[in-house]
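A.B. asks: Structure incoming, see below.
The values are calculated or read from the model by the stated rules, or taken from the named source; none is laboratory data. The shown structure was predicted, so the numbers you read here are calculated from the model rather than taken from an experiment. For neighbour counting, all protein chains shown are included, and Cβ atoms are generated from backbone atoms with ideal geometry for every residue, glycine included. Quick note on the areas: whole protein, heavy atoms, side chains included, nothing else; ligands and nucleic acids left out. Shrake-Rupley method; radii C 1.70, N 1.55, O 1.52, S 1.80 Å.
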Amino acid sequence: QVQLVESGGGLVQAGGSLRLSCVISVSTFNINTMGWHRQAPGKQRELVAHIGSFGRITYADFVKGRFTISRDYAKNTVYLQMNSLKPEDTAVYYCAVGIGTTAYWGQGTQVTVSS
């Protein structure tokens, strides 16, 4: 059973930073893709950042230059460094990984950015 546990969310003022972590219960060497998504109240879940096959990284336009996704193979962890946060970044952030044809999701961590 693959489990993902996110942490690092919280309340921060606009312009501040947070680093989200997602610990995965299996070796990241076995994972095809991994990424962070977010869902704000009343809105659909959207992709924030993604590490695809061969390590290709993509970002949503609204976070380019502000957020950085990274992975630590030794710790089976994927991170999302979020800088220059804006109130519109307020959402529940979810970690997700793809292994074979199956997607696995974490429980989410709340990020709230005050103006």
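A.B. asks: For the stretch 19-38, name all the residues that are hydrophobic (A, V, I, L, M, F, W, C) and surrounded by fewer than 21 Cβ atoms within 10 Å (Cβ to Cβ). Steps first, answer last, please.
C.D. replies: Initially, the stretch 19-38 is screened for residues hydrophobic (A, V, I, L, M, F, W, C), giving 20, 22-24, 26, 29, 31, 34, 36.
Result: Val23, Val26, Phe29, Ile31.
A.B. asks: For the list (1) small (Gly, Ala, Ser); (2) touching a strand residue (DSSP E or B) at 6+ places or on another chain (Cβ under 6 Å); (3) modelled with pLDDT of 95 or more, I need the number of the one condition that Gly52 fails.
C.D. replies: (3)
A.B. asks: Identify all residues within the stretch 73-89 that are over 13 Å from the mean Cα position of the chain (by Cα) and buried (at least 17 other Cβ atoms within 10 Å of the Cβ); write none if there are none.
C.D. replies: Answer for the stretch 73-89, where residues must be over 13 Å from the mean Cα position of the chain (by Cα) and buried (at least 17 other Cβ atoms within 10 Å of the Cβ): Asn76, Leu85.
A.B. asks: From the list Leu4, Leu18, which residue is in contact with a Cys (Cβ under 7 Å, 6 or more places away or on another chain) and hydrophobic (A, V, I, L, M, F, W, C)?
C.D. replies: Details: Leu18 fails: in contact with a Cys (Cβ under 7 Å, 6 or more places away or on another chain).
After ruling out the rest, the residue left standing is Leu4.
A.B. asks: Mind checking which residues of the stretch 1-18 are in contact with a Lys or Arg (Cβ under 9 Å, 6 or more places away or on another chain) and either over 14 Å from Tyr94 (Cβ atoms) or surrounded by fewer than 13 Cβ atoms within 10 Å (Cβ to Cβ) (or both)?
C.D. replies: Once the filter is applied, which keeps residues that are in contact with a Lys or Arg (Cβ under 9 Å, 6 or more places away or on another chain) and either over 14 Å from Tyr94 (Cβ atoms) or surrounded by fewer than 13 Cβ atoms within 10 Å (Cβ to Cβ) (or both), the stretch 1-18 yields Ala14, Gly15.
A.B. asks: Checking Ser70 against (1) loosely packed, with under 14 Cβ neighbours inside 10 Å; (2) more than 28 Å from Thr101 (Cβ to Cβ); (3) within 10 Å of the chain's Cα centre (by Cα): exactly one of these is not met. Which one?
C.D. replies: Condition (2) is where Ser70 drops out.
A.B. asks: When the residues of the stretch 40-64 are filtered to those that are within 13 Å of Ala91 (Cα to Cα) and open to solvent by less than 60 Å² (accessible area, probe 1.4 Å), which remaining residue is nearest to the chain's Cα centre (by Cα)? Step through it out loud before you land on a result.
C.D. replies: First pass over the stretch 40-64, keeping only residues within 13 Å of Ala91 (Cα to Cα): 40-48.
Now restrict to residues that are open to solvent by less than 60 Å² (accessible area, probe 1.4 Å): 40, 48.
Numbers: Ala40: 14, Val48: 7 Å.
Among those residues, the one meeting the criterion is Val48.
A.B. asks: How do the pairs read when you match residues in the stretch 95-115 that are touching a residue at least 12 places away in the same chain (Cβ under 8 Å) with residues anywhere that are basic (Lys, Arg), using Cβ under 9 Å and keeping only pairs 6 or more apart or on different chains?
C.D. replies: Gly108/Arg38; Val111/Arg38; Val113/Lys86; Ser115/Lys86
A.B. asks: Also, quick follow-up: For the stretch 99-115: of the residues being closer than 16 Å to Glu46 by Cα and either part of a strand (DSSP E or B) or at pLDDT below 95 (or both), which is most open to solvent (accessible area, probe 1.4 Å)? Break it down into steps so the answer makes sense when it comes.
C.D. replies: If we filter the stretch 99-115 for residues that are closer than 16 Å to Glu46 by Cα, which is where we start, we get 103-111.
Now drop any that are not either part of a strand (DSSP E or B) or at pLDDT below 95 (or both), which leaves 103-105, 109-111.
Numbers: Ala103: 67, Tyr104: 61, Trp105: 110, Thr109: 18, Gln110: 88, Val111: 0 Å².
The extreme case among them is Trp105.
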